[in-house]
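S.K.: Mind having a look at this structure? Questions to follow.
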Amino acid sequence: EAGLFVVVIGLTVMVLLAPFIILPALDGSPQWWLVSFRSILGRSSWETVWAVAEGYYGFGQVGGDRLDPNVTQASFAIHNGWPGGVWFLITLAFAGGYAYLFTRPANYKQPRNLVAFGGLTVIIFMLYSKGYSPQFLVYLLPFIILLMPTGRGLIYALILTGLNVLEQPIYFVMLPNDGWLLIFVVVARFLTLAALGLEFGLIIWPIE
């Protein structure tokens, strides 16, 4: 039932967005549709474990000219990153893992389980995403509040908020040359999100 619900929501979103995606192609201007996708696929990683692994210690930026219909995908990158094949394997691993979780049986008649799966989905996307900005935390905090309105939930929220503060303004404004601090922040955030994802998963599939 949860799978059907997600499919219905996905189809609804697609129907609502279809005019904005299809119309550019119908009016003879499909290049703008392509430029948008090039911008999304071509942008570099930032403020994540993926970014520091690629040797980038700056904040999020997008290169390229989105008003140029002939702009290339590579021009949107602001630093040298891994080859596309590496990102394909990373994407395949995360997609496969999510597909496995999505198809596992669970009691989604319980609202708490359904909310937990929504939170787990957000976490998986945040772990996979090339980039992270401090404001992204607001996507996750409601799930922590709803699912863990206890001291443990407060600890998770404070840790993630504290890491945001270490990142901005402490690292980017006060200590921009101390790359080790950004490494600590992104690795700690990755591990904290993974632990929180495990907590949400245990709500859906408790160990008996």
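The values are calculated or read from the model by the stated rules, or taken from the named source; none is laboratory data. Computed from a predicted model, the values in this text were never measured in an experiment. Backbone-built Cβ (ideal geometry, glycine too); neighbour counts: all protein chains shown.
S.K.: If you check 7, 35, which single one turns out to be touching a Leu at 6+ places or on another chain (Cβ under 9 Å), at pLDDT below 75 and either assigned to a loop (DSSP other than H, G, I, E, B) or not hydroxyl-bearing (Ser, Thr, Tyr) (or both)?
M.R.: On inspection, the qualifying residue turns out to be 35.
S.K.: Quick check on the stretch 185-194. Is at least one of its residues surrounded by 17 or more Cβ atoms within 10 Å (Cβ to Cβ), more than 15 Å from the chain's Cα centre (by Cα) and part of a helix (DSSP H, G or I)?
M.R.: yes
S.K.: Determine whether residue 125 is surrounded by 18 or more Cβ atoms within 10 Å (Cβ to Cβ) and modelled with pLDDT of 95 or more.
M.R.: No.
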